[in-house]
Amino acid sequence: MNDIILETKSLSKEFKGFTAVNNVNLQVERGHIHALIGPNGAGKTTCFNLLTKFLVPTSGQILFNGHDITSTAPAQISRMGIIRSFQISAVFPHLTTLENVRIGLQRKLNTSFHFWKSANTLSALNERAMALLAEVDLEKFADTLAVDLPYGRKRALEIATTLGMDPELMLLDEPTQGMGHEDVGRVTALIKKVSAGRTILMVEHNMNVVSGICDKISVLQRGAMLAEGSYDEVSKNPLVVEAYMGTTDVALAGEH
Amino acid sequence: MSSLSPIVAVPSFQTIPALNISNLQAWYGEAHILHNVNLTVHAGEVVTLLGRNGAGRTTTLRAVMGLVGKRSGAIQIMGKDAISLATYKIAHLGVGYCPEERGIFSSLSVEENLLLPPVVSKTEKGMSIAEIYEMFPNLYERRNSQGTRLSGGEQQMLAVARILRTGARLLLLDEISEGLAPVIVQALGRMIMTLKEKGYTIVMVEQNFRFAAPLADRFYVMEHGQIVETFSATELEQKMPLLNTLLGV
Amino acid sequence: QISGDVVKIGFITDMSSVYSDIDGAGGVEAIKMAIADMGGSINGKKIELLVADHQNKADIASSKAREWFDRDGVDMLIGGTNSGTALAMAKIAAEKKKPFFEIGAGSTRLTNEECTPYTLHYAYDTYALGKGTGSAVVKHGGKTWFFLTADYAFGASLEKDTTAIIKAAGGTVLGSVKHPLNASDFSSFLLQAQASKAQIIGLANAGGDFVNSVKAANEFGITKTAKLAGMLVFINDIHSLTLQQTQGMYLTDSWYWDQDAASRAWAKRYFAKMNKEPSSLQAADYSAATQYLTAVKAIGTDDGEKVIAQLRKMKFNDMYTKNAYLRADGRVVHDMTLYQVKTPAESKYPWDYLNKIQTIPGDQAFMSKADSKCAAWK
Amino acid sequence: MEIFGIPASALMSQLLLGLVNGSFYAMLSLGLAVIFGLLNVINFAHGAFYMLGAFLAWMGLTYFGLNYWVMLFVGPLIVGVFGMLIERTMLRWLYKLDHLYGLLLTFGITLMVEGIFRSIYGVSGQPYSAPELLSGATDLGFMVLPNYRAWVVLASLLVCFTTWFVIERTKLGAYLRAGTENPQLVEAFGINVPLMVTLTYGFGVALAAFAGVLAAPVIQVSPLMGSNLIIVVFAVVVIGGMGSILGAIVTGLMLGVIEGLTRVFYPQGSATVVFVVMAIVLVLRPAGLFGKEK
Amino acid sequence: MNKKAIYQMGYGLLFLMVLAAPLAIYPVFLMKLLCFALFACAFNLLIGFTGLLSFGHAAFFGGAGYITGYALSLLGLPVEISLLLGTLSGALIGLVMGSLAIRRQGIYFTMITLALAQMVYFIFLQAPFAGGEDGLQGVPRGKLLGMLDLSNDLTLYYVVLAIAIAAFLLITRIVNSPFGLVLKAIKENEPRAISPGYDVHRYKLLAFVLSAAIAGLAGAMKTVVLGFETLTDVHWTMSGLVVLMTLVGGLGTLTGPIVGAVIIILLENKLGDIGNWLAAVTHIDWFNSLDESVTIVTGFIFIVCVLAFRRGIVGELGALLKKHLPTH
Ligand SMILES: Nc1ncnc2c1ncn2[C@@H]1O[C@H](COP(=O)(O)OP(=O)(O)OP(=O)(O)O)[C@@H](O)[C@H]1O
Ligand SMILES: Nc1ncnc2c1ncn2[C@@H]1O[C@H](COP(=O)(O)OP(=O)(O)OP(=O)(O)O)[C@@H](O)[C@H]1O
Ligand SMILES: [Mg+2]
Ligand SMILES: [Mg+2]
């Protein structure tokens, strides 16, 4: 028996009569890097939003470690260990890199409502925060404001922040979107590195990334599951080739 | 396609360049982004700006359109000085701009989006609506839906299609392959080739080198708000090592 | 013994907001005239006037008053419009033991629950207005009433006081409708009033609300079936509404510029400065300053206690009032007059607006000892 | 027939009166919505321009002998030009900033304009009567409606729906709607957006002035007439959904009617009912009745 | 000398100045200034550090003022209990208003706070004890803890000063607490703050309630100081006034609102004197009538601030200092 960490059962989402996600049954195995791909408008982001409770499903079920979390609140979900990072690089621009990471750690101290305490009580967390920054090669930038970081580093910072929350399951929405080639390489390696002992579900258009590090790929089209399997299986599937990869040789090699 | 004027401009150094930028400086607020950018695009050419994130490629296009905070230097479009003109007047020199994030209007239907940009050229005739729908059949299918309800790829097509109508002969295209499925990227590539055949002048900003490489006649590489390298398509092979270090391609 | 060798009068009123027309800069001018009429000094000691705009905010009024008494050596305070500011200032004046002449506020609380030995409620109050207009109108045949009342303490007390008087005079009140302050449109309230078939629609409101009520009443032809009775009407309101719209309306006031030779003479001087005729409040400002200065002159001191004692002894006589006197509750008792607004045809010259119907003697116009809630008058 | 103890005919007349007031709300909130849509500015000065319109009508008659009908065109024109000047010299610099600044600037303008008029003309107000043509009243059976009020409803509906049509159904309207979303891009397409913005502001405030001229014969022309109204009109725009044209019109009329009914059943609450409606609507529909949440 | 020492000296000097102020300036006026300064600081806690623009703060300020006045004059409760009640009622109104408004964004949040504040206004307009437009008059100051007679202006001044300083320190602490950091994060990027599991609405709500409570404290003290409470304090123009104060002083700066409050209150109260002084100095008669033009002058200041000094006085000063005294 495979160890399934996240499972959806006939998950659907409708927007005013338009079905963006249609009866999706997704199974994510523990320890995998699982990619969700598909043509534009296939419903990948919507799917993510359903999993992280930014949207409420029209029907269907979401199970996390066997528990039904379909109607659990977003904050609660993240406390259970499902953490998402965003499609557009999203950091707290006017906090330092260190503070950015610390915000995530701070929650577990349970003092976040303590408006009478000094912020210095948080310095106990600095060590752990620095360790996380080191994991993504950002320790040199600890005192830099996030807004001043180069683009690729912001991504790294975001991943460090996400790691700080000790996720069991990380959801990454197009982690390499809009990045130059060098950064793509760095971030791909980073994802591979941090996947140890965790499960990662990501949306990605860059086939180099997908083929390089993903254990399993699910292809969505028009809201429904089109194909599933390893990169080799999926990339040879004629339906996927037609709907997504395109027909020429260039496409099979990956567009980027 | 009879309505299309069969102008096929041959790149020639005798004719006036479609776009000529010299010593361009640009600022966003206090931040000095472009330092001394020089760039020439001849009529009928496809030119690609390469560079890392934040190198200033988008800013270059925006500076041409007058959409930055402050700029100085010289910009000539079809031989006319543009640096001191208001943005809308620049468009009327025959420029079509496709912005970084597509800029589809959600309060307008697909067809309204398509018809929005006014005709900017007195002499040039753009494509007719019929021609555009012929080129992008999916747009025709969804012409009455709200613009932003389209999928990402369709939005991108719409963003390009709407500037083909206006008679603009100089197209500034910013990252049109961004975030698109490979199959759609290929379709866009074919579209660019068609436009090139029809004699449009195109300046592309691209992250996706493999998409841009077969399309462009010439390349400019930007770094820190400056042009650091320029070469033609024929030199591409020998420049690969350089590009590797500059862009990590 | 003039404190600080100068007699300082402080005047705090609405200079810039909703009530600035009936008092405001005109009030300042009137007080200046009073000072000039005293020769600008008393026994060689200069008379000075300080002016402040309270913008209808009680906190500004009271802090100004406090500061003037404490820091600037102000000897007497004249308070302008608005009950909230008046009550606040009365408290301060009592604390500082200085005479406080309240002109523009109508609340009877000043001489009842909140009465102090230092307050002189000078011009009018809601009781007197109700008494004058209510009883006289009933006497002239307006037996059934309906009130249009501003939803405010002032409107409520006007309505309450007048209702009691109407009933006592044998009339009936068929109902009332409360409207919010500064309502945008009065037609629907007026239609409700009209539907009651009352002969008289009592307008227990003031300023802009009154003006707009009258305007709408004319527009909807309500004035054809019922008569309007304005409970608090100033000449400025009639001027801005024109006689066309206000003709035939009853109103009670303490003074009218055209009432006699003395008032006309004074008004003429005022007109030369301000280019409009004075309201009763502005005349009362003049009178208050004059009477105060007279008292100071008589006893040769501006000590608050002594001046008050002197004021209690004397009769107030000037162009504003005849034989008025200060009662123990702080009420300055003088005659009130019931007027009716002229028709455009009757009006012979500019600002010729009112016909005198009858005088209401002071001892009948104001609240009686039996009704008073003032501890000092028991 | 009676409804809740109120005769049906009385109720009918109150509804009609509500509609008249609603017409003013609709016209004023329409202008606000147009301005908010394109300029991203919450135009607090709207009430001041409304007052200015009424005053211009009065001044036109008093100083130049220009009658109502002339001023119905000239008044909005003058105010429109004045608005355009303000837009060119001041508002222009605030578009990129938070709403707060536009609101505060126009609030400052309001204070100045009102203050100046108050110091010149006092607060009692000036009389202005309805034009000869529209004086008199018509008996509708359940009530006698002054002709002038009927004209107000008519004129306002006409203006509102013309505006709505232009914005929703014409090319110019498409420019405006697109400009609302991304003015820079629209300008990059070759449309003179700065001019469009100036004209839009001018048009928006001219609408306010038009409402002001219409109001002059109904309520006393006074420097305070605008500030009494503006908060309510804000509420209307917010209930309708910020920037929604149709929302502004429909909500304006509707709230006039609701207010009218409140005047019958709970008169002292008639100034507050708008805010009650606003709170309820915003709690249930965060972006207002016709608005889209961002 | 390092920066910290300079700051400490500055604060020390300032402290001495406020201690000695009643010698030179009228104490009741000073107390009024303190109340408004605290009010503006409370408002700034919300807009400057949480990014929420409330247009309903008058409800807390005035509401608490009425409740305190009611407790003191009609219930005859001791002054410290009354102040506490006022503060709590500010917090309570804040809790109710906040619960309804906090999920709304941007201008809709602003407008819903305005709407709810209008209802609070209506309640106090109608409530019999509040005395309509006359207001709640004749509120006694009472004795602090049953012994310290507050009817003496100077005594009251030091009590008010102590409370105001304590409240100001509390605000400073809130801003620099773990909670304050989360608020900052929410202000910077709300969706991002949700993902670590912060229930942002609850954080915003707590910030709103804290701001309301401190605004309530300010209003409560004002009633004690002046001895009455009127509708002015619950009217929407009061909400506008506090926005103006904060803006003039500098949004999101700790001391800005204080400076702003002082300037605006001075303007309201002393414009006439300023005008007379100007007239005397310049011999231009027009200045004498400046008193009647408070609104015109206020409007003018608004316009100038928005166009030229958007960061407010303290903000602009800070920016100047930063330019000329590089910190590193
Ligand atoms: N709020 C919404 N209202 C209506 N339709 C929506 C909404 N959000 C998404 N959609 C539609 O749902 C479909 C799926 O959108 P989604 O964003 O999930 O696509 P995606 O797979 O992430 O595409 P891309 O690769 O372009 O990001 C699209 O057709 C989109 O237009
Ligand atoms: N509106 C703005 N205000 C301030 N700085 C900006 C703004 N837009 C861009 N920049 C800065 O200008 C620089 C150049 O940005 P630009 O968008 O031109 O880069 P690019 O080469 O197009 O890269 P990208 O791949 O991110 O699109 C970057 O450092 C960016 O941070
Ligand atoms: Mg997506
Ligand atoms: Mg770019």
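The values are calculated or read from the model by the stated rules, or taken from the named source; none is laboratory data. Just so it is clear, the model here is predicted, and its values are computed rather than measured. No Cβ is skipped: glycine too gets one built from the backbone with ideal geometry, and neighbour counts run over all protein chains shown. Heads up: the accessible areas ignore ligands, DNA and RNA and are worked out on the full protein's heavy atoms, side chains in. Shrake-Rupley method; radii C 1.70, N 1.55, O 1.52, S 1.80 Å.
Excluding same-chain neighbours fewer than eight residues apart, the lysines reachable from A:Lys16 by a Cα-Cα span under 23 Å are A:Lys44, A:Lys53, D:Lys292, D:Lys294.
In square angstrom and rounded to 100, what buried accessible area do you get between chains D and B, total over both, with the probe at 1.4 Å? Kindly include the intermediate steps, with their values, before the conclusion.
Details: alone 14080 and 11480 Å², together 23810 Å².
Heavy-atom accessible area buried at this interface is about 1700 Å².
C:His140 sits with roughly 90 Å² accessible to a 1.4 Å probe, with DNA, RNA and ligands left out of the calculation. How charged is the neighbourhood of A:Leu6? Take every other residue with its Cβ under 10 Å from the Cβ of A:Leu6, and add Lys/Arg as +1 and Asp/Glu as -1. Local net charge: -2.
Determine the calculated [θ] at 222 nm for chain C from helices alone, applying -39500 (n - 2.57) to every DSSP H run no shorter than 4 residues and normalising by the residue count; nearest 500 deg cm²/dmol. If you can, show how the numbers build up before the last one.
Working: 15 runs with 148 residues, N = 378.
The per-residue figure over chain C is -11500 deg cm²/dmol.
Rolling a 1.4 angstrom probe over the range D:2-284 with all protein chains present gives an accessible area of which 73% lies on carbon and sulfur atoms. One Cα centroid belongs to the range D:200-214, the other to the range E:13-57; the line between them spans 40 Å. Measuring between their Cα centroids, the range B:26-55 and the range C:113-129 lie 80 Å from each other. Solvent exposure of C:Ile2, expressed as accessible area, is near 20 Å², computed with a probe of 1.4 Å over the protein chains only.
Note down, for chain C, the three equivalent ellipsoid semi-axes (square root of 5 times each alpha carbon gyration tensor eigenvalue), biggest first, whole angstrom.
Working: eigenvalues 243, 90, 70 Å².
Here the semi-axes work out to 35, 21, 19 Å.
Averaged over all directions, how much area does the convex hull of the C-alpha atoms of the range A:17-70 cover when projected, in nm²? Don't jump to the answer; show the numbers that get you there.
Working: hull surface 16.8 nm².
Over every viewing direction, the Cα hull of the range A:17-70 projects on average to 4.2 nm².
In the range D:168-182, burial by the other protein chains removes 50 Å² or more of 1.4 Å probe accessible surface, compared with the chain on its own, from D:Arg177, D:Glu181. Across the alpha-carbon atoms of chain B, the computed radius of gyration and Dmax are 17.4, 50 angstrom.
For the range C:148-217, the set of trypsin sites (Lys or Arg not before Pro) satisfying both a DSSP loop assignment and a count of at most 11 other C-beta atoms within 10 Å is given as C:Lys197.
Per residue, how much accessible surface does the protein assembly as shown expose to a 1.4 Å probe? Answer in Å², no decimals. Can you show the working numbers first?
On the way: 54990 Å² over 1505 residues.
Ligands and nucleic acids excluded, the result is 37 Å² per residue.
Rg to Rh ratio, the protein assembly as shown, alpha-carbon atoms and Kirkwood radius?
Values: Rg = 37.1 Å, Rh = 36.1 Å.
Rg/Rh for the protein assembly as shown comes to 1.03.
For the residues C:Ile42, D:Ile116, a 1.4 Å probe over the protein chains yields an accessible-area ranking, largest first, of D:Ile116, C:Ile42. Only one residue of A:Val136, A:Asn110, A:Thr97 has its Cα farthest out toward the positive end of the dipole of the range A:82-166, where Lys and Arg carry +1 and Asp and Glu -1 on Cβ, and that residue is A:Asn110.
Ordering C:Asp258, C:Asp335 from largest to smallest accessible area (1.4 angstrom probe), what's the sequence? Walk me through the numbers on the way to the answer.
Values: C:Asp258 20, C:Asp335 75 Å².
Reading off the accessible areas and sorting them downward yields C:Asp335, C:Asp258.
In degrees between 0 and 90, to the nearest 10, how far off the longest principal axis of chain D does helix D:68-89 point, with axes built from Cα atoms? Helix D:68-89 sits roughly 30 degrees off the main axis of chain D.
Would you mind giving the total buried accessible surface between chains D and E, with a 1.4 Å probe and ligands, DNA and RNA left out, rounded to the nearest 100 Å²?
Details: alone 14080 and 16870 Å², together 27750 Å².
Answer for the D-E pair: about 3200 Å² buried.
Here the relative contact order of chain A, from alpha carbon pairs under 8 Å that lie six or more residues apart, stands at 26 percent.
Note on chain C: GNM, Cα springs under 10 Å; of C:Ala86, C:Ala61, C:Ala309, the largest mean-square fluctuation is that of C:Ala309. When shorter helices are ignored and each DSSP H run of at least 4 residues is given -39500 (n - 2.57), the per-residue value for chain B at 222 nm works out to -8000 deg cm²/dmol. Note on B:Lys125 and C:Ala164: the model spin-label points, each 7 Å out from Cα along the C-beta direction, lie 9.2 nm apart.
Per the Debye calculation on the range D:86-196 with a single equal scatterer at every Cα and no solvent contribution, log₁₀ I(q)/I(0) for q = 0.15, 0.24 Å⁻¹ amounts to -1.00, -1.21.
On the protein heavy atoms, probe 1.4 angstrom, tell me the percent of accessible surface of the range E:25-324 carried by carbon and sulfur. Show your work: numbers first, answer last.
Values: 6980 of 9900 Å².
On the range E:25-324, the fraction of accessible area on carbon and sulfur atoms equals 71 percent.
B:Tyr88 contributes an accessible area of around 40 Å² to the protein surface, as traced by a 1.4 Å probe with all chains present.
For the range E:1-114, what class follows from the C-alpha gyration tensor (a ≥ b ≥ c being the square roots of its eigenvalues): rounded when a/c is under 1.5, otherwise prolate if a/b is larger than b/c, else oblate? Before the final figure, lay out the partial values.
Values: a/c = 2.70, a/b = 1.25, b/c = 2.17.
Oblate is the answer for the range E:1-114, as a/c is 1.5 or above yet b/c matches or exceeds a/b.
If only the Cβ of Lys and Arg carry +1 and only the Cβ of Asp and Glu carry -1, the dipole of the range C:17-106 around its Cα centre is close to 320 debye.
To one decimal place, what orientation-averaged projected area in nm² is obtained for the convex hull of the Cα set of the range C:249-378? Present the calculation step by step, with values, prior to reporting the outcome.
Details: hull surface 38.4 nm².
Projected over every direction and averaged, the Cα hull of the range C:249-378 covers 9.6 nm².
Fully extending the segment from C:Gln358 to C:His140, taken as 0.36 nm per residue of separation minus the present Cα-Cα distance, adds 77.4 nm. Structure remark: mean-square fluctuation, Gaussian network model of chain A, C-alpha springs under 10 Å; the largest value among A:Glu182, A:Glu135, A:Glu158 belongs to A:Glu182. For the range B:74-105, list whatever residues lose no less than 10 Å² of accessible surface once every protein chain is in place, relative to that chain by itself, with the probe at 1.4 Å. The answer is B:Thr87, B:Tyr88, B:Ala91, B:His92, B:Tyr97, B:Pro99, B:Gly103, B:Phe105 - residues whose exposure falls by at least 10 Å² when every protein chain is included.
Please label the shape of the range A:82-166 as rounded, prolate or oblate, based on the square roots a ≥ b ≥ c of the eigenvalues of the alpha-carbon gyration tensor (a/c under 1.5 means rounded; beyond that, a/b larger than b/c means prolate, else oblate).
Numbers: a/c = 1.70, a/b = 1.51, b/c = 1.12.
Since a/c reaches 1.5 and a/b is larger than b/c, the shape of the range A:82-166 is classed as prolate.
Given in Å, the Rg to one decimal and the Dmax to the nearest whole number for the Cα atoms of the range E:25-324 are 19.5, 66. In a reduced charge model with +1 at each Lys and Arg Cβ and -1 at each Asp and Glu Cβ, the protein assembly as shown shows a dipole moment near 1120 debye about its Cα centre. DSSP beta bridges confined to the protein assembly as shown are antiparallel in about 50 percent of cases.
Can you give me the % of accessible surface on chain B that is carbon or sulfur? Probe 1.4 Å, all protein chains present, nothing else counted. Working shown, then result.
Working: 5130 of 9700 Å².
The value for chain B is 53 percent carbon and sulfur by accessible area.
Buried area at the B:A interface is about 1800 square angstrom, summed over both chains, from accessible surfaces computed with a 1.4 angstrom probe.
Suppose only helical runs count, i.e. DSSP H with n ≥ 4. What mean residue ellipticity at 222 nm does that imply for chain A under -39500 (n - 2.57) per run, divided by all residues and rounded to the nearest 500 deg cm²/dmol? List each step's numbers first, then the result.
Working: 9 runs with 80 residues, N = 256.
It lands at -9000 deg cm²/dmol.
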